[in-house]
Amino acid sequence: MNKKELLLVSKPSRYMGGEINAIVKDLNRVRLKFALAFPDVYEVGMSHLGLQILYHILNQDAHVACERVFAPWPDMEKFLRERDLPLTSLESSLPLKEFDVIGFSLQYELNYTGVLNILDLSGIPLKAADRGENDPIIIGGGPCALNPEPLTDFFDAFILGDGEEAVLKICREIIDSREKAKSKAELLASLSGIEGVYIPSFFQMEYEPDGIIKNIIPRKTGYSTVLRCILPDLDRGDFPKRPILPYLEVIHDRLNIEIARGCTRGCRFCQAGMIYRPLRERSPQIILHLVEECLKSTGHDEVSLLSLSTGDYSCIEPLLTRIIDRYRNERVAVSLPSLRVETLTPSLIQKIREVRKTGFTLAPEAGTERLRQVINKGNTEEDLLATIRAVFMANWQMVKLYFMLGLPTETEDDLGGVVSLCRKALTEARRAKGSAHINVSISNFIPKAHTPFQWEPQCSAEETTKKQKYLRKNLEQYGFRLKWSDPRLSLLEGVFARGDRRLGLTLMAAYNLGCRLDGWGDHFRYDLWEKAFAQTGLHPFFYAFRRRELNEILPWDHLNSRIAKRFLEEERRKAFAAIPTGDCRRAACNGCGVCGGADLFSNRIANDVEVPCPNIPLPKKPNEFPFPIRRFRSQFAKSGPAKFIGHLELSRSMIRAFRRAQFPLVFSQGFHPLPKVSFGPPLPVGYESFAEFFDYQIKGKLDPEEAAIRLNALLPPGIKILKTQEINLKSSSIFDSIIGILYRISFIEPDSLRAKKIDFFRQEEKIPVFWTRKNKPLDLKTMVESLSLADELNLEMKIRSGPGGIIRPEEVLDFIFCWPEGNRPSLSVQKIQVQFKESDPWPMKS
């Protein structure tokens with residue numbers, strides 16, 4: 001593949017690469033090339049904190065270059081396949097086949113076809129047994145690696161548990177192996193000596209005639225079980241102070257700081273609460289330092305404090321107070337995305353609302369006290385109602401409640417309990433605030449490996465659908481907005497969550513039939529999955545809907561999560577007796593098996609030590625600022641790779657650049673303060689422009705030339721401030737001031753009829769057309785002020801701007817040249833000049 005083709009393949013997704021804080025190394029000067037692969041789309045993958053942590057850790061090593069790749073959207077996949085082009089990394093556009101290691105983040109069972117698609121598009125044999133000595137080593141990690149058996153045909157190795165230390169050990173072993181010309185078999189043998197590394201080819205499965213596992217046979221002496229690796233102290237773990245800042249809006253578009261890992265609550269349905277034990281809290285001093293450094297390097301306006309139960313963090317109130325007090329004038333909000341009902345205290349609510357109200361999701365999980373005892377949830381109905389009262393009395397508009405359907409022992413009374421609890425919550429909410437809304441999210445319980453419910457059957461899709469209909473009927477009529485999960489998606493997730501190695505055949509069959517992006521409802525093809533199961537002679541019932549015997553050999557029994565099986569059995573017994581288990585942070589040890597032993601692991605609780613932190617109060621009055629407010633207008637160019645950045649992404653990138661440059665922006669007032677920055681008409685994606693404008697207000701002095709230099713150093717490639725000037729505070733907006741826009745349109749190939757059709761357009765007095773995008777008729781001549789052919793490949797067009805909207809140049813050309821639908825020739829558009837009502841776009845400051 002030549003350089004031109006490589007550039008071509010990178011263009012459709014160029015706005016996803018070259019981000020702020022991305023690291024590009026000289027690949028000729030490193031000893032190992034590592035591709036971090038996320039088997040879902042960029043918008044999801046770049047929201048995952050673990051990916052950012054590993055990217056940072058790997059690139060900290062001078063011998064390693066780590067780059068990223070994501071599952072492509074279907075149009076990108078089609079683009080690659082039609083041109084026989086390989087999938088490449090974002091940083092250097094290197095084909096994945098040329099990397100030494102590809103490490104997949106396995107967060108969700110419905111991403112498994114994404115793994116195969118990435119390998120296939122890279123020209124790498126899907127099955128590990130078919131790959132040669134020169135192919136990349138394929139490894140996987142994440143929560144799904146605690147039962148990766150359905151994927152074992154395709155992977156060389158897995159990391160069980162925390163990857164921060166293990167991934168570097170793996171890299172050093174691979175470097176040593178490659179430089180000593182060891183065989184792949186020798187390398188895998190060496191990797192098996194690293195704690196937490198699972199080599200699936202070193203185990204063989206035997207099955208009974210009925211499909212149950214008869215035996216798990218180790219094939220390597222001394223390697224009969226694999227122990228999950230644990231980072232004992234988060235304060236010792238490396239954390240990125242310059243996380244990658246995407247231009248594209250991602251799912252969780254904020255600064256994510258992990259404040260704790262693990263949980264001691266012991267919810268019996270929760271796999272994460274089991275496999276991330278013990279609890280390790282990061283010290284508040286280090287958290288505050290990370291927040292400071294990360295905000296400086298990203299310009300985010302929201303900090304999300306992450307853990308499995310953020311409200312349980314020992315120092316949450318003083319930590320939250322210090323963050324909010326430190327950044328209140330920059331209007332940096334704080335969100336707590338994972339909250340138990342009883343941990344959202346009135347003082348936390350009041351503190352969060354001081355800057356900007358972020359959303360609250362509360363998770364009762366079940367509708368009755370009995371069922372909450374079964375799952376060991378531990379909160380009460382009064383806990384929820386008291387929290388609802390406090391939230392809406394603090395003037396929140398909406399709260400989301402989260403429940404699960406199909407939990408073990410669930411009855412009709414429990415479903416009725418969901419309805420009753422929601423209605424009581426709405427009553428309390430509207431007593432506090434008449435316009436209150438409550439959204440209800442209903443997920444489907446899926447039994448997971450290494451939990452007390454790993455032996456239990458999953459609720460069938462048909463039964464789940466009936467339960468969903470019951471809740472919709474009884475809640476929507478009272479104004480609740482419901483969101484629920486597709487039972488067929490949950491079925492497939494459940495099959496692979498507790499699946500064995502034989503499912504690799506089904507996965508391969510489904511992929512070959514066309515299954516992609518299964519976690520996305522609009523791409524999920526259940527009919528193709530049914531065909532795949534039929535083709536491979538396996539049935540979902542066997543994996544999802546049957547109850548396992550306690551003495552049955554489970555597919556993951558050789559993978560030691562450090563949670564004792566006897567503990568899981570005891571928790572299961574207590575669940576069916578509705579007996580709760582206490583929080584081991586506050587009570588005696590529950591004997592789960594993680595703490596103590598040779599490794600001396602234990603829960604690590606943070607201590608609140610006073611950290612100096614400036615306390616900067618908000619202005620007491622809405623417009624009381626210590627410095628005068630000034631308004632500036634800037635003209636900027638948007639070209640090259642930046643033409644693929646959309647208008648919303650552009651405005652977000654600009655505002656974040658202002659924050660990183662530490663310009664004192666003026667904010668609006670109210671519960672959701674926003675910076676006073678405004679742009680002109682949105683430039684369509686794919687256009688270049690040398691005449692874009694935006695206005696902004698600043699507190700205090702600003703030197704326009706210095707401001708341009710500072711901003712240009714922080715803006716995405718292709719965006720450049722050309723001119724900045726102070727304008728009158730009361731000047732009209734850019735939108736209201738523009739009356740015309742001049743474009744240059746360039747074609748790749750000449751057309752002998754082009755001049756003739758342009759002449760025809762110029763001679764006609766009226767050209768009535770129907771503007772499809774705006775769904776209205778118009779006279780094209782009233783929208784186009786001038787049109788001229790500069791030469792056989794270039795023309796200039798001046799379009800009028802008015803209250804009815806601005807027609808796009810390619811829309812005008814579609815009308816003039818009457819191209820068949822889908823056959824518009826290749827062209828490029830540049831916006832070269834803007835005409836303002838006043839001849840000067842810079843209204844003088846009075």
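The values are calculated or read from the model by the stated rules, or taken from the named source; none is laboratory data. Because the structure is a prediction, the values reported are computed rather than measured. All Cβ positions, glycine included, derive from the backbone under ideal geometry; neighbour counts span all protein chains shown. Just so you know, the surface numbers come from the protein's heavy atoms only, side chains and all, with ligands and any DNA or RNA stripped out. Shrake-Rupley method; radii C 1.70, N 1.55, O 1.52, S 1.80 Å.
So which of 316, 323, 352 is within 29 Å of residue 604 (Cα to Cα), in contact with a Phe, Trp or Tyr (Cβ under 9 Å, 6 or more places away or on another chain) and touching a residue at least 24 places away in the same chain (Cβ under 8 Å)? Being within 29 Å of residue 604 (Cα to Cα), in contact with a Phe, Trp or Tyr (Cβ under 9 Å, 6 or more places away or on another chain) and touching a residue at least 24 places away in the same chain (Cβ under 8 Å) holds for just one of 316, 323, 352, which is 352.
For region 242-268, filtered to residues that are open to solvent by 30 Å² or more (accessible area, probe 1.4 Å) and touching a strand residue (DSSP E or B) at 6+ places or on another chain (Cβ under 9 Å), the residue that is nearest to residue 556 (Cα to Cα) is 252. Of all the criteria given as (1) without any contact (Cβ under 8 Å) to a residue 60 or more places away in the chain; (2) crowded, with 24+ Cβ neighbours inside 10 Å; (3) among the acidic types (Asp, Glu), the one not satisfied by residue 135 is (2).
Quick grid of which residues meet (1) open to solvent by 50 Å² or more (accessible area, probe 1.4 Å); (2) modelled with pLDDT under 90; (3) in a loop (DSSP other than H, G, I, E, B):
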{"residue": "575", "(1), (2), (3)": "no, no, no"}
{"residue": "583", "(1), (2), (3)": "no, no, yes"}
{"residue": "593", "(1), (2), (3)": "no, no, yes"}
{"residue": "609", "(1), (2), (3)": "yes, yes, yes"}
{"residue": "619", "(1), (2), (3)": "no, yes, yes"}
{"residue": "623", "(1), (2), (3)": "yes, yes, yes"}
{"residue": "633", "(1), (2), (3)": "no, no, no"}
{"residue": "636", "(1), (2), (3)": "no, no, no"}
{"residue": "643", "(1), (2), (3)": "yes, no, no"}
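When 557, 527 are checked against the criterion of being surrounded by fewer than 17 Cβ atoms within 10 Å (Cβ to Cβ) and under 29 Å from the mean Cα position of the chain (by Cα), 527 stands alone in meeting it.
Kindly indicate which of 562, 546 is under 19 Å from residue 276 (Cβ atoms), open to solvent by 20 Å² or more (accessible area, probe 1.4 Å) and either outside any loop (DSSP other than H, G, I, E, B) or not aliphatic (A, V, I, L, M) (or both).
On the way: 546 fails: under 19 Å from residue 276 (Cβ atoms).
None of the others qualify; the one that does is 562.
With of a type in the set (Ser, Thr, Tyr) and at pLDDT 95 or above as the only criterion, which of 602, 561 stands out?
On the way: 602 fails: at pLDDT 95 or above.
Going through 602, 561 in turn, the sole match is 561.
Taking every residue in region 823-845 that is more than 17 Å from residue 738 (Cα to Cα) and pairing it with any residue that is open to solvent by 70 Å² or more (accessible area, probe 1.4 Å) and part of a loop (DSSP other than H, G, I, E, B), at least 6 positions away or on another chain, the pairs with Cβ-Cβ distances below 6 Å are 826/748.
Scanning region 799-842 for residues being more than 41 Å from the chain's Cα centre (by Cα), open to solvent by less than 50 Å² (accessible area, probe 1.4 Å) and among the basic types (Lys, Arg) gives a total of 0. Restricting region 301-321 to residues that are over 25 Å from residue 585 (Cα atoms) and not in a loop (DSSP other than H, G, I, E, B), which is most open to solvent (accessible area, probe 1.4 Å)? Here the answer is 302. In this structure, residue 541 qualifies as more than 16 Å from residue 151 (Cα to Cα), of a type in the set (A, V, I, L, M, F, W, C), without any contact (Cβ under 8 Å) to a residue 12 or more places away in the chain and surrounded by fewer than 16 Cβ atoms within 10 Å (Cβ to Cβ). Considering only residues in region 645-674 that are open to solvent by 60 Å² or more (accessible area, probe 1.4 Å) and among the aliphatic types (A, V, I, L, M), the one that is nearest to residue 840 (Cα to Cα) turns out to be 648. Scanning region 37-58 for residues that are not in a helix (DSSP H, G or I) and not aliphatic (A, V, I, L, M) gives 38, 39, 40, 47, 48. The residues of region 742-795 that are open to solvent by 90 Å² or more (accessible area, probe 1.4 Å), in a strand (DSSP E or B) and farther than 24 Å from residue 687 by Cα, listed by number, are 768, 777. Listed conditions (1) surrounded by fewer than 22 Cβ atoms within 10 Å (Cβ to Cβ); (2) modelled with pLDDT of 95 or more; (3) assigned to a helix (DSSP H, G or I) are all met by residue 195, apart from (3). Counting only residues that are under 18 Å from residue 650 (Cβ atoms), part of a loop (DSSP other than H, G, I, E, B) and open to solvent by 40 Å² or more (accessible area, probe 1.4 Å), region 708-729 holds 3 of them. Residue pairs whose Cβ atoms lie under 6 Å apart, sitting 6 or more positions apart in sequence or on different chains, and linking a residue in region 439-454 that is surrounded by fewer than 21 Cβ atoms within 10 Å (Cβ to Cβ) to a partner that is polar (S, T, N, Q) and not in a strand (DSSP E or B), are 443/485.
Sort out which residues of region 59-85 are assigned to a helix (DSSP H, G or I) and either open to solvent by 10 Å² or more (accessible area, probe 1.4 Å) or within 14 Å of residue 104 (Cβ to Cβ) (or both), and write them in order of number. Walk me through how you get there before you give the answer.
Initial filter on region 59-85 (assigned to a helix (DSSP H, G or I)): 59-60, 74-83.
Of everything in region 59-85, those that are assigned to a helix (DSSP H, G or I) and either open to solvent by 10 Å² or more (accessible area, probe 1.4 Å) or within 14 Å of residue 104 (Cβ to Cβ) (or both) turn out to be 59, 60, 74, 75, 76, 77, 78, 79, 81, 82, 83.
When you scan region 389-407, do you find a residue that is surrounded by fewer than 21 Cβ atoms within 10 Å (Cβ to Cβ), free of Cβ contacts under 8 Å to residues at least 24 places away in the same chain and not polar (S, T, N, Q), even just one? Give the steps one after another, and end with the answer.
First pass over region 389-407, keeping only residues surrounded by fewer than 21 Cβ atoms within 10 Å (Cβ to Cβ): 389-390, 393-395, 397-398, 400, 402.
Subsequent filtering for residues that are free of Cβ contacts under 8 Å to residues at least 24 places away in the same chain retains none.
No; the residues of region 389-407 include none that is surrounded by fewer than 21 Cβ atoms within 10 Å (Cβ to Cβ), free of Cβ contacts under 8 Å to residues at least 24 places away in the same chain and not polar (S, T, N, Q).
For every residue, the table says whether it meets (1) open to solvent by less than 10 Å² (accessible area, probe 1.4 Å); (2) under 28 Å from residue 213 (Cα atoms); (3) among the acidic types (Asp, Glu).
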| residue | (1), (2), (3) |
| --- | --- |
| 106 | yes, yes, no |
| 119 | yes, no, no |
| 124 | yes, no, no |
| 130 | no, yes, yes |
| 154 | yes, yes, no |
| 169 | no, no, no |
| 176 | no, no, yes |
| 191 | yes, yes, no |
